[in-house]
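One structure below.
The values are calculated or read from the model by the stated rules, or taken from the named source; none is laboratory data. Predicted model only: the values in this text are computed from it and were never measured. Here the Cβ is made from the backbone with ideal geometry for all residues, glycine too, and neighbour counts use every protein chain on show.
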Amino acid sequence: MKPTDIKNPEYFHRVVDCQYACPAHTPVPEYIRLILHERFTKAYMINWVSNVFPGILGRVCDRPCEPACRRDRVEDEPVAICRLKRVAADNRDDISARLPKAPEKKNGKKIALIGGGPASLTVARDLSLLGYELDLYDDATKAGGFMRSQVPSFRLPERVLNEEINYILDMGGITTYLNTYVSSLKEILDQDYDAVFIGSGAPRGRDLPNLPGRQEGDKFIHVGIDWLASVVFDHVEKTGKRVLVLGGGNTAMDCCRTARRLGGEDVKVIVRSPRSEMKASEWEIEDALHEDIPILENLTPLEFIVEDGRLQGMRFEKVMPEYDEQGKRKLVPTGEEPVVLECDEVLLAIGQQNAFPFIEPECNIAFDDYGLPKLDPVTLQSSVPTVFFGGDSAFGPGNIIIAVAHGHEAAISIDLLCRGEDLHNRPEPEVTLAGQKLGFHDWLYDSHVTEDERQHVPMVDKAKSLRDRLVEVELGYGEQGGKVEAKRCLNCDVQTVFDEGLCIECDACVDACPTTCINFIENGEEEELRERLLVPARNKEQSLYVSDILSTGRVMVKDENVCLHCGICAERCPTAAWEMIKYTYKSAKAGDR
Amino acid sequence: MSYVRPTFRHPDAQKNKLGYTRKAYEGAISTLCAGCGHDSIVSSIITAFFEMSIEPHKVVKLSGIGCSSKTPAYFLGRSHGFNSVHGRMPSVATGANMANKDLVYLGVSGDGDTASIGMGQFAHVVRRNLNMIYVVMNNGCYGLTKGQDSATADKGSKSRKGAPVSFESIDLCELAILLGADFVARGFSGDKKQLLPMLKAAISHKGMAFVDVISPCVTFNNAPTSTKSYSWVRDHMEATATFDFIPLQQEILTEYDHGTTIPVALHDGSIITLYKREDKEILTNKKDAINSLEEAKAEDQILTGILYLNPDSEDFHDINQTTDTPLNQLTEEELCPGNEVLQAFNESLR
C-alpha cells in the first residue's frame, strides 16, 4: 500500500467516527471533554455553531453518531452522545452575550425562505450574520416546522423549541411572515429576491384511500402527522380508549405514545413487516414498549370495520416475509384466518410524501419520477439557478440534523451565487492540529479509558408522564451521570501520528497497545495486508494507517478500527515517533473563503 | 502517565486451545523506560505461552534483581512467581523444581544478575541441567543504577557518553555450552520472528534451556557505538541455521527435503527444523558450536539462533532418580515410611 497521506484533512476526519457520521460534522469529542470539565456554556456554543439546535437535538436527534461510535465496537454500547448534548444545553449559563448579531449594514441581498423548519432556520442564521435580509414564510403560527408540529412535547418541550428558534429570529435581518401559506412560487420569484430557499418539508402523510371502510369511518381515522400537529395546536385533546397505530417508523412511535396521553388505554402498533425490520429507532421503540404499547408484526390491513357509522375495528391479513435472491422482501399471506382487532380510532403513520402544490409548472423547476426536485447534490441548487431546496423537501423524509446540514450547504451556495462565484468552488473546512504532550508521559487530554457502562437517563414516573402530554419524559443526566458518561468518550479526535524518520523499530508500541492495532510488517496490497496483521483487520470501513518504508524494509501499519486513543503507544515510544495530536475539523460555513 | 492498561482488547482477538485470549497471559503495565528491549521479550514470552496453550497456573516465573528481574510483573499475571535475592534465582528455581517437577519453570535474569553477582549460581544450575528456561535479558549495562558497563559489555564498545569498555566480555552462551547446557540460543529483542519460536523450543526442551537475548537499554546503552544497540545489532546480526519450531500438538504436514532441512525431535515430541546453510554446520556438535561463536566474534558479527542443541539430555531429576510425584502430593506415609525402612536403607549403605 502507498503511505497514508495524513495531510489530507479527510483522513483523520474519518477516524473521528462520530463527527464523520454527523451530517453537520459537529466536533463531538471536543464538546464532550468540555462537559467533563463542566464548561457547559462553551460546549453548548460549539454545538450551536455547528448544529444550530443543541437543546432540541440533545432530545430528539436521530443520532447517526451513536451507531458509528468506536466505543460500540470495543464495548457493547456507544457513548450517549445525544444526551450529553442535552447536558450542555441544560447546564449552560445565559449565552445571549455570546450570540453573534447580524451586522447593522446590510449587503443589499434579499433571500426568501419558504417553510420555517430547521433547514430554513439554518439558512437564515448563516446568512443573516453576513448581512443578508431574509424573509421567512410559514403557514403555522410559530416557526419550527416539523420540529414543532410532529415532535410531541413529552419529548421536546415547547420552551426549548422557542428558546433556540428565537436565538435565530432575534439576530436581526430576518423578517417572519407567519400564518402565511405560500400558494404560488411564481409570485415569490416575481419579487426582487436574489435567491429562494425551499424548506417546506414532506408535508403529506400517506393514507389508505381505497381500503374498504375508509370513507365510512373517516371520522375515526386520522393521518398521523396531521393528527400530531392537531394535538400540538390543541385541535385534538382526546382520543378513544382503544387506538390502533399503523406503521413502524418514528412517527408511529410518536403517535402511539401521544395517544397514551390523550386517554388511549389500549394502544397497539401494527406493522406489516417483521418487527426487526421496523424503521423506528431502537430507543424510540423501547420507549413505546416501556409505556405498555404492544407491537404486532406481520399484519397487513384488509378493511376498516364500520357499523352504524362507528368504527368497530380493523381486519388484517397475516403475512410472512419471503426474500428473493437479491434480498428483496415480499410479504406473502400465510393463509391463516384474518385477524380482527377492535378499536375506536386508527392513526395512519405509514409514511410521508413530498408535495409541492405551490410550485407552478411555469416556474420551470424540474422534478424526478418520485416527485422530488432535481438538485445538484452538493450545492442543492435546482434547475432554476436562484432556487435551492433543503431538508425533507430536497431528497424526501430525513431528519433534523440532515436538514441542518442542508441549511449550511444551501447558505454557502446562496452566498457564492450572490457574490457571483462558482458554486462548486466551495470553502475548505478549517483544520487544526495541536500536540497534546504536557510533560514526560503526560497528556493534555484525559487519556484514561474508563470501564463504566452506558449510563441510563433518569425518567419521570410513568404514571405521571402519561397523565399529561406536556410533561417531558426524560429528566436528562444529573451531574454525576453526565460526568461518568462523558468520561466514556475515547477522544478519537486525539490522533496517533507516526513519524517513520524517528522510529527505531523497538516494537514498544506493538507490545504496549491494548487492542493490538499496531504492526511492523512487510508491505503488500491492502486486501492481503489486512489479513496478515496481528489481528486481521476485517472491518473494511476502517482505514489502515500505513507509513513509509522503515530502515528494516518493513512498514508500520495501524488498523484504526478499535484504537482506544489511550496514548500508550506514544507513552511507550522512546523517540516520540508516535505523538498524540488533537485534530479539529470545522466544516466550512457561508462566508468562509 | 498511564499506570494501568485499558482492559479492552481487540474484539476479534484469537483464542488458544484452552479458550483463552492472550489477555490471560498478560501482566501489569510495564514501568520500564519507554522502548526498553525487555518489553519485547516480555511480549514474546506472553505470546509463546499463549500460543503453546500452557495453563498459566502451571508456570512458575522466577527472577533476581535488576531491570530484567522486574519484568515477571509484566507477564503471566496468573502464574506463580518468586522475586529472589540478587543473583540467587537459580537456587530458588532448583528448590522449587525439586519439590514439583510438574510445573514449567521460567527464570528471568539480567547480565548483572547472571554474569556478575550470580555467576556462581548460574554455573551450577547449568551443570546440574535443571529443567527450566533460563532467559537472560542482556543489555550490557547496569540500567537500574544509571548504566555502568556490565560483564557482558564487549571490549571496545562505547555506551552513551561512556568510555570504551576496557575488559574482556563474558559470552554467556559460550559459557553455558562449556558448562553442559543442552539447549543454548541467542536472540535479539528487536527480532520477534526469531525470538518467538526460540522461546517455544526452549519451553519444549527438557533440561536447561539457556536463552541469551540481546536487549538494548534505550536510556543508557543505545548509542550507535555500543554493540548492544538496536542499530549495531541489526547491522551485525548473523543467524545460524534459521529454524522453525513445530510443537507436538501440531500435525506435521511438510515433507522434509533432507538436502536443506534437518529435523531435530525434542523430548516432548516437538520438532525443530533447521535450515542448513552451505557455510554452516548444523550445531548439535559442541565443538562446532563454540567454533562458530568464536568465528563470528572474530568477524565482528553477533551469532543468533539456536547455537547448540542436544535433544537427548538428562535433567537433574533423571540424574538424581527423584520421585515423579510432586512432593505436595505425597502422603505422610510415603514421605516418612518409618524406622524399619530407614534401618534397611542405612544397612544397604554399610
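For this structure, a couple of remarks:
- Subset of the range B:290-319 (residues that are within 19 Å of B:HIS236 (Cβ to Cβ) and part of a helix (DSSP H, G or I)): B:ASN291, B:SER292, B:LEU293, B:GLU294, B:GLU295, B:ALA296, B:LYS297, B:ALA298
- A:LEU347 assigned to a strand (DSSP E or B), assigned by TED's automatic domain parsing to the domain that holds A:ASP266 and under 26 Å from the mean Cα position of the chain (by Cα): yes
- The single condition from (1) under 25 Å from A:PRO9 (Cα atoms); (2) assigned to a loop (DSSP other than H, G, I, E, B) that A:CYS569 fails is (2).
Conditions (1) over 23 Å from the mean Cα position of the chain (by Cα); (2) within 29 Å of A:CYS492 (Cβ to Cβ), marked per residue:
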{"position": "A:SER413", "(1), (2)": "no, no"}
{"position": "A:LYS437", "(1), (2)": "yes, yes"}
{"position": "A:LYS462", "(1), (2)": "yes, no"}
{"position": "A:LEU470", "(1), (2)": "yes, no"}
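- Scanning the range B:1-32 for residues that are more than 10 Å from chain A (Cβ to nearest Cβ), of a type in the set (Phe, Trp, Tyr) and farther than 30 Å from B:LYS228 by Cα returns a single hit, B:TYR20.
- Count of the range B:141-169 residues which are surrounded by fewer than 19 Cβ atoms within 10 Å (Cβ to Cβ) and β-branched (Val, Ile, Thr): 1
- Scanning the range A:542-562 for residues that are at the interface with chain B (Cβ under 10 Å from one of its Cβ atoms), surrounded by 22 or more Cβ atoms within 10 Å (Cβ to Cβ) and either assigned to a loop (DSSP other than H, G, I, E, B) or modelled with pLDDT under 95 (or both) gives A:ASN561, A:VAL562.
Residues are listed down the side, and each one gets a yes or a no for (1) without any contact (Cβ under 8 Å) to a residue 24 or more places away in the chain; (2) within 27 Å of B:ASN320 (Cβ to Cβ); (3) within 14 Å of chain A (Cβ to nearest Cβ); (4) part of a loop (DSSP other than H, G, I, E, B):
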{"position": "B:ALA34", "(1), (2), (3), (4)": "no, no, yes, yes"}
{"position": "B:ILE46", "(1), (2), (3), (4)": "no, no, yes, no"}
{"position": "B:PHE50", "(1), (2), (3), (4)": "no, no, yes, no"}
{"position": "B:THR71", "(1), (2), (3), (4)": "no, no, yes, no"}
{"position": "B:PRO90", "(1), (2), (3), (4)": "no, yes, no, no"}
{"position": "B:GLY95", "(1), (2), (3), (4)": "yes, yes, no, no"}
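- Some residue of the range A:149-158 being in contact (Cβ under 8 Å) with a residue 40 or more places away in the chain, among the hydroxyl-bearing types (Ser, Thr, Tyr) and out of contact with any strand residue (DSSP E or B) (no Cβ under 7 Å at 6 or more places or on another chain): yes
- Across the range A:439-453, the qualifying residues are those that are charged (D, E, K, R) and facing chain B (nearest Cβ under 9 Å), and the one among them that is farthest from A:LEU564 (Cα to Cα) is A:ASP442.
- Checked against the criterion of being assigned to a strand (DSSP E or B) and buried (at least 20 other Cβ atoms within 10 Å of the Cβ), the range A:249-264 has no qualifying residue.
- Any chance B:SER30 is assigned by TED's automatic domain parsing to the domain that holds B:SER189, within 27 Å of A:ASP446 (Cα to Cα) and surrounded by 19 or more Cβ atoms within 10 Å (Cβ to Cβ): yes
- Candidates A:PRO209, A:PRO157 - the one that is over 25 Å from A:PRO103 (Cα atoms), at pLDDT 95 or above and either surrounded by fewer than 20 Cβ atoms within 10 Å (Cβ to Cβ) or among the charged types (D, E, K, R) (or both): A:PRO157
- Count of residues meeting criterion [surrounded by 15 or more Cβ atoms within 10 Å (Cβ to Cβ) and in contact with a helix residue (DSSP H, G or I) (Cβ under 7 Å, 6 or more places away or on another chain)] in the range A:525-541: 1
- Note on the range A:288-311: residues that are of a type in the set (Asp, Glu), surrounded by fewer than 16 Cβ atoms within 10 Å (Cβ to Cβ) and either more than 36 Å from the chain's Cα centre (by Cα) or not in a loop (DSSP other than H, G, I, E, B) (or both) total 2.
- Any hit, the range B:2-20, residues being basic (Lys, Arg) and closer than 27 Å to B:GLY120 by Cα: no
- Checking each residue in the range A:205-222 for being within 20 Å of A:GLY248 (Cβ to Cβ) and acidic (Asp, Glu) picks out only A:ASP207.
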